[in-house]
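Here the structure is laid out as structure tokens; the discussion comes afterwards.
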Amino acid sequence: MTPAARPADSPTAVWKALARRLSPTGKDRYKAFDPETREYKRRQKITDTLPKTMAAVDIYSAAGFTTQLVLDFDAKEHGRAQVDADFARAAGWVRDCGGRVVSDRSTSGGRHLIVPLAIGTSATLAEMRQLADQLKARLRTLDPKPTKSAAGCISVPGTPCSGAGHRLLDGPLHEPVAAPPDSIDSRFLLALTSSLPPRPL
């Protein structure tokens, strides 16, 4: 079977494999979307059962550290084509600097790009806020709010989208699950920050 013909991994399998991996150490609950208030406020324990509503995990630990770079591209204002263009640029920068990409897409055209940091390394909220500002100046569809807030969260691949369908993981599930833990460059964030292209005029 060719890669193009490979059936997508089921939403349940993707959630089961990634929900705990993407959660900060010490946090075993996700934020469940409340359709009435339109907010992520209810906390539910992470289990192997796929949530029935949109579900997001925290980006930062209780101490304000994160072990992953999270980028949220929103299609509402500039459309899917611009999201895909911004995503491709960001993913290229990440890979050029030794990072590994875990990504998905929603039925509305939005995309998430998640980059695990090297084992034993982390970044502070202040560091990520500064990087988010630099990236936003270069990527029109990037929503920096999740990265810039201590309460920031990100929807997990496989979870329900707003309206219908589920967030679809890019590529096979075994890639983010089986990747060697030492395959990420510990200098990734420094390299990314120092190599960003000039801001557009």
> In the range 116-137, how many are in contact with an Asp or Glu (Cβ under 9 Å, 6 or more places away or on another chain) and open to solvent by less than 30 Å² (accessible area, probe 1.4 Å)?
Replying inline: 1
> Residues in the range 128-136: is at least one touching a Pro at 6+ places or on another chain (Cβ under 8 Å) and assigned to a loop (DSSP other than H, G, I, E, B)?
Replying inline: no
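Residue-by-condition table, conditions (1) among the hydroxyl-bearing types (Ser, Thr, Tyr); (2) modelled with pLDDT of 95 or more; (3) surrounded by 19 or more Cβ atoms within 10 Å (Cβ to Cβ); (4) not in a strand (DSSP E or B):
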position	(1), (2), (3), (4)
Met1	no, no, no, yes
Pro7	no, no, no, yes
Thr25	yes, no, no, yes
Lys41	no, no, no, no
Lys52	no, no, no, yes
Ala56	no, yes, yes, no
Tyr60	yes, yes, yes, yes
Leu69	no, yes, yes, no
> Taking the range 99-115 only, how many residues are open to solvent by less than 30 Å² (accessible area, probe 1.4 Å) and over 17 Å from Ile59 (Cα atoms)?
Replying inline: 4
> Limited to the range 67-96, what total is found for residues that are among the basic types (Lys, Arg) and within 14 Å of the chain's Cα centre (by Cα)?
Replying inline: 0
> Looking at Gly99, is it without any contact (Cβ under 8 Å) to a residue 60 or more places away in the chain, within 18 Å of the chain's Cα centre (by Cα), under 20 Å from Leu142 (Cα atoms) and not in a helix (DSSP H, G or I)?
Replying inline: no
>> So Glu77 ticks every box in (1) open to solvent by less than 10 Å² (accessible area, probe 1.4 Å); (2) part of a loop (DSSP other than H, G, I, E, B); (3) not basic (Lys, Arg) but one. Which box is left unticked?
In response: (1)
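The values are calculated or read from the model by the stated rules, or taken from the named source; none is laboratory data. Just so it is clear, the model here is predicted, and its values are computed rather than measured. Positions of Cβ are generated from backbone atoms using ideal geometry, with glycine treated the same way; all protein chains shown enter the neighbour counts. Heads up: the accessible areas ignore ligands, DNA and RNA and are worked out on the full protein's heavy atoms, side chains in. Shrake-Rupley method; radii C 1.70, N 1.55, O 1.52, S 1.80 Å.
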